[in-house]
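Asker: Sharing a structure below in structure tokens format, with a few things to ask.
The values are calculated or read from the model by the stated rules, or taken from the named source; none is laboratory data. All values reported here derive from a predicted model rather than from experimental measurement. Note: ideal-geometry Cβ built from the backbone for every residue, glycine included; neighbour counts use all protein chains shown. SASA here: full protein model, heavy atoms, side chains in, ligands and nucleic acids out. Shrake-Rupley method; radii C 1.70, N 1.55, O 1.52, S 1.80 Å.
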Amino acid sequence: MDKLRRVLSGQDDNEELGLTDQVLDASTLSYSTRVKWFVICFAGGILCSILGSALLFLPNGMKLFAVFYTLGNIAALSSTCFLMGPLNQLKRMFDPKRLIATIVMLLCLVLTLCAVFWWHKRGLAIIFCIMQFLAMTWYSISYIPFARDAVMKLFTTCVS
């Protein structure tokens, strides 16, 4: 509760949000340039994911879907490198509170492509894409203070 008060009153060092001066100064690019490239990369990732979903219904669309959906997730994930720098991004990705989500997400990225190109299992590729989405969502909300706790509380309330 004290942490919540510090965050809401502006007394927290904002490390959870990735806004410390050290993080913001991690790049030689200006702040506005980093924000622009973050938006471009993130929007490109979303566009690739949407395009992949649209290509799903074409002949050989499953391969295109898996490639574009995976590239979209990689682009969206790497877009934050523009905000905090690649080394800080990697450090935060493999932080103990994000480690499981990061490993599952990266594993699902690889397994999606394996399912489509080597194993030729369409259903498995769809399952891995769904797991990519869930792992990416869980990873993303780990950057929002108290978000995981709120989601878990909501989930347990809905289940019981």
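Asker: Among the residues of region 86-105, write down those that are assigned to a helix (DSSP H, G or I) and either in contact with a helix residue (DSSP H, G or I) (Cβ under 7 Å, 6 or more places away or on another chain) or in contact (Cβ under 8 Å) with a residue 40 or more places away in the chain (or both). Explain how you work it out, then say what you get.
Answerer: Within region 86-105, the first condition is being assigned to a helix (DSSP H, G or I), and the residues that meet it are 86-93, 99-105.
Answer for region 86-105, where residues must be assigned to a helix (DSSP H, G or I) and either in contact with a helix residue (DSSP H, G or I) (Cβ under 7 Å, 6 or more places away or on another chain) or in contact (Cβ under 8 Å) with a residue 40 or more places away in the chain (or both): Leu87, Asn88, Gln89, Arg92, Met93, Ala101, Thr102, Val104, Met105.
Asker: Return yes when Trp138 is under 19 Å from Gly52 (Cβ atoms) and without any contact (Cβ under 8 Å) to a residue 40 or more places away in the chain and no when it is not. Walk me through it before giving the result.
Answerer: Details: under 19 Å from Gly52 (Cβ atoms): no; without any contact (Cβ under 8 Å) to a residue 40 or more places away in the chain: yes.
Answer is no for this residue.
Asker: Between a first residue in region 65-83 that is without any contact (Cβ under 8 Å) to a residue 60 or more places away in the chain and a second residue that is in a helix (DSSP H, G or I) and among the basic types (Lys, Arg), which pairs have beta carbons less than 7 Å apart while being 6 or more apart in sequence or on different chains?
Answerer: Cβ pairs passing all conditions: Phe82/Arg34.
Asker: Tell me which of these Ser142 doesn't satisfy, since it passes every other one: (1) buried (at least 17 other Cβ atoms within 10 Å of the Cβ); (2) closer than 23 Å to Gly61 by Cα.
Answerer: (2)
Asker: So which residues in region 25-58 are exposed (fewer than 15 other Cβ atoms within 10 Å of the Cβ) and basic (Lys, Arg)?
Answerer: Within region 25-58, Lys36 is the sole residue that qualifies.
Asker: Quick one: in region 145-158, of everything that is open to solvent by less than 60 Å² (accessible area, probe 1.4 Å) and either assigned to a loop (DSSP other than H, G, I, E, B) or in contact with a Phe, Trp or Tyr (Cβ under 8 Å, 6 or more places away or on another chain) (or both), which residue is farthest from Asn60 (Cα to Cα)?
Answerer: Checking each candidate, the answer is Pro145.
Asker: Next up: Kindly indicate whether any position in region 106-126 is under 15 Å from the mean Cα position of the chain (by Cα), under 26 Å from Ala150 (Cα atoms), without any contact (Cβ under 8 Å) to a residue 40 or more places away in the chain and surrounded by 15 or more Cβ atoms within 10 Å (Cβ to Cβ).
Answerer: Scanning region 106-126 turns up at least one residue that is under 15 Å from the mean Cα position of the chain (by Cα), under 26 Å from Ala150 (Cα atoms), without any contact (Cβ under 8 Å) to a residue 40 or more places away in the chain and surrounded by 15 or more Cβ atoms within 10 Å (Cβ to Cβ).
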